[in-house]
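Below is one structure, written out as structure tokens, with a few remarks after it.
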Amino acid sequence: MSEDAVQLKKNQILAMPEETAKVVERAAREIVKSKRAKRFFDDAYAFNYSKLELDRRPFLNIGPGSFRHPYWRTADKKYDGQAWTEARRGVQQAPVDYYWDAYSGERIAEREKFFSVVYTSHVIEHLFPQDVSFLFSEAKRVLKEGGIIRVVCPDAGLMARAYQDEDWMYFLHYLNVKTSRLSKSVQSLSAIELRRISAQFLIDWVSLAIHPDNPKRLTIAECPAFLDRYDDIYEALDAACALSDRETNKTAGAHVNWFTFEKLEAILMKAGFTDICRSGYLQSRVPILRDGTHFDRTDPEMSLFVEARA
């Protein structure tokens, strides 16, 4: 979405009193709805947890982005002295509670069984397999017995199905509507272009295989043939992941992994979690995690939601 297009639309709305009134009306309703939701979830904390429990802030968000909440603690890695979102988006943030990098192999600076809930959204796809295992072992360590972890990440099953079914609209919606990375209309693209763009998206979404700084790179034109080389789409994804360079990703912070429910379930089970189940957008078994103002906000239509018990 270009800034020129946004400014043009603003000018058009402001020039039409009836349209301006409609926009103001919608905004007012959203503000009222948001305040009502805040009161509801403030009550949800008070209803489900004692004041003593809330005062110690027993909830942890790993990889919080811009998330901040008075009852929550946050853990994030530093890039050149800045938290991830500060370095990535150039926005200043309040400090996090734990500067922690799963790549380091060092433990979170907190005692065992401290937290009641751990939440991590769109983090594990940035980690190599050993780092994912370490993150979950740390989450298990700091969660009290019976505590819940909620994990959100891209759903590789959806992407694989879309590519195999030649559902190119799945990829183009993200590129055209959500991010404006692709300005061409769908109908203007040839069959070859559609496949190439979608193959590029899929490989880029799970690996550094086309990243300009990665030592081993595929060209965009090579992406479809690379995927077609394998009988199993997930073997192709593993092969793309294997091209990703660990040192490069320490600064790039890109995607280097993929997850289906079955793969994530096995990793969580190995870390010692039980009662592992597929969830859905704002469908947590933990009431406070159903607050859409703070949770499950990133690409929900493309995401996998999983919960487990420590």
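Values quoted throughout were computed directly from the atomic coordinates according to the rules given, and no laboratory measurement underlies them. If you're wondering where the values come from, they're calculated on a predicted model, not measured in any experiment. Backbone-built Cβ (ideal geometry, glycine too); neighbour counts: all protein chains shown.
Which semi-axes, in whole Å and largest first, does the equivalent ellipsoid of the range 156-252 have when worked out from the alpha carbon gyration tensor as the square roots of 5 times its eigenvalues?
Values: eigenvalues 97, 52, 28 Å².
Equivalent-ellipsoid dimensions as semi-axes: 22, 16, 12 Å.
Post the alpha-carbon centroid distance, the range 263-294 to the range 125-185, in whole angstrom.
If you average the Cα positions of each part, the centres end up 14 Å apart.
Given 0.36 nm per residue, what is the gain on full extension from LYS35 to SER50 after removing their alpha carbon distance, in nm?
Length gained between LYS35 and SER50: 3.1 nm.
Given a Förster distance of 22 angstrom, what is the FRET efficiency for GLU106 paired with LYS270, based on the Cβ-Cβ distance and rounded to 0.05?
The pair GLU106/LYS270 has a calculated efficiency of 0.60.
For the chain, what is the mean residue ellipticity at 222 nm derived from helices alone (per DSSP H run of n ≥ 4: -39500 (n - 2.57); sum divided by total residues; nearest 500 deg cm²/dmol)?
Values: 12 runs with 132 residues, N = 310.
Dividing the helical sum by the residues of the chain leaves -13000 deg cm²/dmol.
When DSSP beta bridges are limited to those with both residues in the chain, what percentage is antiparallel, rounded to the nearest 5?
Rounded to the nearest five, the antiparallel share is 45 percent.
Scan the chain and hand back the longest stretch that contains none of the trypsin sites (Lys or Arg not before Pro) lying in DSSP loops with at most 15 other Cβ atoms within 10 Å.
That gives 114-180 as the longest site-free run.
How many angstrom lie between the Cα centre of the range 224-252 and the Cα centre of the range 11-79?
37 Å
Can you compute the modelled spin-label distance between LYS184 and GLU145, with each label point 7 Å from Cα toward Cβ, in nm?
6.0 nm
Just to be sure I follow the definition: excluding the sites themselves, where is the longest run in the chain that has none of the GluC sites (Glu not before Pro) in a DSSP loop with at most 15 other Cβ atoms within 10 Å?
Longest stretch, sites excluded: 167-310.
What is the spread of the Cα atoms of the range 3-44 along each of their three principal axes, largest first, in whole Å?
So the extents along the principal axes, rounded to whole Å, are 42, 23, 6.
If N is the number of residues in the chain, what value comes out of its Cα radius of gyration divided by 2.2 N^0.38 Å?
1.10
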